[in-house]
Amino acid sequence: KELVNQLHAQAISLGATCDGPPGQRIPDVFYGGYFKDPDGNKGVFNHFG
């Protein structure tokens, strides 16, 4: 989960925009943070488990 937080923060620092801050999405299953790159493509860093 900490790596998701770090990668999301790095993406934002490199010019992406936040499209959903890192957090627990499905209890005990999915943790993720969403972003959009400068071209508007949506991405996610996630952790399962």
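Just so it is clear, none of the values below were taken in a lab; they were calculated from the coordinates. This one's a predicted model, so the numbers in the text were calculated from it and none came from an experiment. Counting neighbours? That spans all protein chains shown, and the Cβs are built from the backbone with ideal geometry, glycine included.
With angles folded into 0 to 90 degrees, how steeply does helix 2-13 sit against the dominant principal axis of the chain? Use alpha carbons for both and round to 10. Approximately 10 degrees, to the nearest 10. Taking the alpha carbon gyration tensor of region 2-48, multiplying each eigenvalue by 5 and rooting it gives semi-axes of 19, 11, 7 Å, largest first. Taking Cα centre as origin and charging only the Cβ of basic (Lys, Arg, +1) and acidic (Asp, Glu, -1) residues, the dipole magnitude of region 2-48 rounds to 80 debye. Tell me, what is the percent relative contact order of the chain, built from C-alpha pairs under 8 Å that lie six or more residues apart? It comes to 35 percent, rounded to a whole number. With the helix formula -39500 (n - 2.57) applied to DSSP H stretches of n ≥ 4, the chain reaches a computed 222 nm mean residue ellipticity of -7500 deg cm²/dmol.
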